[in-house]
1. Only one residue in PRO247, PRO291 is free of Cβ contacts under 8 Å to residues at least 60 places away in the same chain and over 22 Å from GLY331 (Cα atoms), so which one is that?
2. For ALA289, state whether it is assigned to a loop (DSSP other than H, G, I, E, B), under 21 Å from ALA394 (Cβ atoms) and open to solvent by less than 60 Å² (accessible area, probe 1.4 Å).
3. Quick check on my filter: what residues within the range 292-309 are open to solvent by less than 10 Å² (accessible area, probe 1.4 Å) and farther than 17 Å from TYR237 by Cβ?
4. Out of all the residues in the range 340-360, which are surrounded by fewer than 19 Cβ atoms within 10 Å (Cβ to Cβ) and over 19 Å from PRO385 (Cβ atoms)?
5. Among ALA364, ALA407, ALA347, which is the only one that is touching a strand residue (DSSP E or B) at 6+ places or on another chain (Cβ under 6 Å) and among the hydrophobic types (A, V, I, L, M, F, W, C)?
6. Out of (1) in contact with a strand residue (DSSP E or B) (Cβ under 7 Å, 6 or more places away or on another chain); (2) assigned to a loop (DSSP other than H, G, I, E, B), what's the single condition that is false for LEU211?
7. Residues of the range 218-231 being open to solvent by 20 Å² or more (accessible area, probe 1.4 Å) and in a loop (DSSP other than H, G, I, E, B), which ones?
8. Looking at the range 150-170, I want the residues that are farther than 11 Å from VAL83 by Cα and have a partner that is among the acidic types (Asp, Glu) with Cβ atoms under 8 Å, at least 6 apart or on another chain. Which pairs are those?
Amino acid sequence: MSDQPRRPRPSGKPYRRPKKDPVRILAFEALRAVDERDAYANLVLPPLLRKAREKGDFDGRDAALATELVYGTLRRQGTYDAVVSACIDRPLREVDPPVLDVLSLGVHQLLGTRIPTHAAVSASVELARVVLGDGRAKFVNAVLRKVAQDDLEGWIAKVAPPYDDDPEDHLAVVHSHPRWVVSALWDSLGGGRAGIEALLAADNERPEVTLVARPGRATTEELLREEAAVAGRWSPYAVRLTEGGEPGAIEAVRDGRAGVQDEGSQLVAIALANAPLDGPDEKWLDGCAGPGGKAALLGALAAERGAMLLASEKQPHRAGLVAKALAGNPGPYQVIAADGTQPPWRAGSFDRVLVDVPCTGLGALRRRPEARWRRRPEDLEGFGPLQRGLLRTALDSVRVGGVVGYATCSPHLAETRAVVQDVLKQVPDAELIDARPLLPGVPELGEGPDVQLWPHVHGTDAMYLALIRKTAP
């Protein structure tokens with residue numbers, strides 16, 4: 001190495017190589033993947049964290065900070081965009097997306113964490129120097145210094161319109177949801193400020209990891225031996241990890257005897273399995289089985305009764321995930337790749353049918369916060385015909401006296417009750433049955449006969465379930 005002094009830059013200051021911060025670089029890479037590739041953070045982040053651990057760059061605290069930076073930034077993106085807009089002299093759309101990602105990470109550290117102000121600014125500027133260059137780092141520095149002049153509450157008072165002037169826009173900025181989503185969720189709840197504020201706030205909370213002990217393969221007692229594990233609230237097969245944790249490190253999860261599954265999803269499968277039937281109970285169908293969580297629980301429940309499960313999924317790669325989830329199931333099952341609207345099985349073949357239909361995913365914004373920014377109102381028009389087609393096929397597939405469960409991870413009325421009501425008008429030999437008694441102990445299930453679960457009420461994803469019995473024509 002040369003002993004000569006470092007050559008000064010034209011400004012007279014010696015060049016200083018930017019410090020690479022593995023945590024913030026990883027968080028930036030995850031945000032870029034979400035933006036550029038329409039990826040989901042819950043799929044992008046784990047392999048990035050695993051790679052960092054293998055390289056020796058990360059310990060547990062680093063992984064926790066990177067996770068908080070990514071998810072916290074995505075959840076609060078709408079609020080932070082409004083703050084940044086107030087601190088720049090150009091439209092937000094004219095800021096390059098990588099620059100905006102660095103700014104958003106910095107704003108989250110300033111307004112959404114306990115990281116000291118000077119550390120949040122300096123770390124963000126260093127990140128900008130590494131990934132953007134010195135010129136853009138100066139812009140990041142200038143903006144974040146403006147942001148640092150107030151706290152989150154102060155900024156919201158500045159950038160959110162008063163509630164009385166525009167309730168939906170106020171809630172959209174305060175709780176970081178697109179206005180159309182606020183409006184749709186409010187309609188689904190049936191009005192009232194307290195309920196919508198509680199729901200939007202719940203969407204911005206980090207959800208617990210919930211496991212399912214698949215009957216006949218694992219028990220909740222086994223899972224409760226894990227650190228910080230407590231019993232689920234509603235499902236007899238659920239165990240919650242109250243301090244996060246890595247599910248892949250749990251033996252029963254690695255072996256496929258248990259899985260990660262929200263309690264709302266478990267309740268849908270359990271309710272269908274326990275719905276009263278007229279006649280035999282031998283053949284079950286999961287008509288939209290990917291990626292396999294509900295199919296694995298249904299398969300285990302079917303096995304306890306000696307019933308067979310057919311799990312159908314249109315996309316071959318997702319059918320492969322279903323096969324992996326069902327591998328080792330104690331009873332008979334089959335996995336096929338088939339279009340649920342053009343099924344290869346004969347009408348009236350099944351005693352129980354579940355269709356958990358593709359949807360906007362507005363019920364799982366806690367887990368996939370980026371979906372709120374990715375979805376558009378017009379997406380409903382694309383899902384609607386498919387949802388109706390899948391429900392009609394499900395009703396064709398079940399025998400007289402059998403039961404169909406229509407489920408969706410969205411509380412949007414256009415994806416829930418509107419679909420069921422429209423199809424039932426076209427299928428006279430079917431009737432809704434009350435799903436509420438099949439979720440024993442679960443409070444505040446509404447007037448029925450269908451069920452809508454809520455994050456702020458039940459601590460689950462906002463799963464919807466309607467149970468329909470096929471009647472004689």
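1. PRO247
2. Working: assigned to a loop (DSSP other than H, G, I, E, B): yes; under 21 Å from ALA394 (Cβ atoms): yes; open to solvent by less than 60 Å² (accessible area, probe 1.4 Å): yes.
Spelling it out, ALA289 is indeed assigned to a loop (DSSP other than H, G, I, E, B), under 21 Å from ALA394 (Cβ atoms) and open to solvent by less than 60 Å² (accessible area, probe 1.4 Å).
3. The answer is ALA307, and nothing else.
4. PRO344, TRP345, ARG346, ALA347, GLY348, SER349 - these are the residues of the range 340-360 that are surrounded by fewer than 19 Cβ atoms within 10 Å (Cβ to Cβ) and over 19 Å from PRO385 (Cβ atoms).
5. On the way: ALA364 fails: touching a strand residue (DSSP E or B) at 6+ places or on another chain (Cβ under 6 Å); ALA347 fails: touching a strand residue (DSSP E or B) at 6+ places or on another chain (Cβ under 6 Å).
Only one candidate qualifies: ALA407.
6. (2)
7. Hits for the range 218-231 are THR219, LEU224, ARG225, GLU226, GLU227, ALA228.
8. PRO161/ASP169
The values are calculated or read from the model by the stated rules, or taken from the named source; none is laboratory data. The structure presented is a predicted model; accordingly, all values stated were derived computationally and were not measured. For neighbour counting, all protein chains shown are included, and Cβ atoms are generated from backbone atoms with ideal geometry for every residue, glycine included. Accessible surface is based on the protein model in full, side chains and every heavy atom, while ligands, DNA and RNA are left aside. Shrake-Rupley method; radii C 1.70, N 1.55, O 1.52, S 1.80 Å.
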